[in-house]
């Protein structure tokens, strides 16, 4: 039997693109799918398409930046299926392209709010429920290869995705003790409509440095037209989850860039600190003492 069969999967951004690909792949694997997306009409259409495939599906409109709505939706999905969510997919994402020095507070609030804040809201809403349910499960969040390096036109997006990678690395240190796996998916290019995600922006018309002219939108649309098929990407994610892997980066064409990036990081680390002799050893010992203290505390809070 599939490890996903019978489980309730909550997928944000599930009405199209990567999220809908996940809904299809994990639904076919026997999971019961909760479709969450900011576009209400698209949610209804996605649920209809999933049910036509014989997949048990239910949907709700959700703005992932709205914490009260997130909690209410979590209650609703558990009530509908009669079981807790044990597969969480933080997939909703938006992008906006503008030269870093032109971007505004509003641009950062929108892009960080959805791409990082939405993942935080998913984790804080569902992880305690998953732990309390005691049925194990898995959490998967969609970051990006762009999260490993800043970009001229993607400063807030890259910053948000870097945050998602780090966030999932942190959760991966604690959730396995509860039987909950953790995977962060880092795609390069997906066949999706993210080039026009500015159309979903709730504060349209504000001062912005994001380019939405036809020239840039058309160019980006062409780029994403050649991206990986969302179902294929979801199959790569499924394989990584089954293998218990933290990182899923199914794009061989990015290996050289990642080697260059991390090689430059390592090159910046001296082999010997000749300015403060003994300092590295003292710092290492202090850090090890902290880690031992943290481990003895079991990760519990002081509340």
Exercise for the section: Provide Rg over Rh for the chain; use the alpha carbon set for both Rg and the Kirkwood Rh (inverse mean inverse pair distance). Expected result: 1.00
Handout entry: Estimated 222 nm signal from helices in the chain, with DSSP H stretches of n ≥ 4 weighted -39500 (n - 2.57), rounded to 500
Key = -14500 deg cm²/dmol
Completion exercise
So for R0 = 22 Å, FRET eff. of residue 223-residue 129 from the Cβ-Cβ r, to 0.05, ends up at 0.05
Fill in the blank from the handout: In a Gaussian network model of the chain with springs linking alpha carbons closer than 10 Å, the residue among 146, 59, 205 that fluctuates most is 205
Handout entry: Protection proxy ranking of 155-164, 249-258, 89-98 - average other beta-carbon atoms within 10 Å, highest first
Key = 89-98, 155-164, 249-258
Problem - Dmax and Rg, reported as Rg then Dmax, of the range 99-153 (C-alpha, Å) - result: 15.4, 48
Problem - Separation in nanometres of the label points that stand 7 Å from Cα toward Cβ, at residue 215 and residue 293 - result: 5.7
Practice task
Give the calculated FRET efficiency between residue 203 and residue 5 to the nearest 0.05, with a Förster radius of 45 Å applied to their Cβ-Cβ distance.
Solution key: 0.60
Completion exercise
In nanometres, the difference between 0.36 nm per residue of separation and the alpha-carbon distance of residue 275 and residue 101 is 59.0 nm
Handout entry: Contact order relative to length of the chain, as percent, for alpha carbon pairs under 8 angstrom and 6 or more apart
Key = 17
Handout entry: Cβ crowding within 10 Å averaged over residues, with 135-143, 80-88 ranked highest first
Key = 135-143, 80-88
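Bear in mind these aren't lab numbers, they're just calculated from the coordinates by the rules spelled out. For clarity, every value in this text was computed on a predicted model and none was experimentally measured. With ideal geometry, Cβ positions are generated from the backbone for all residues, glycine too; neighbour counts draw on all protein chains shown.
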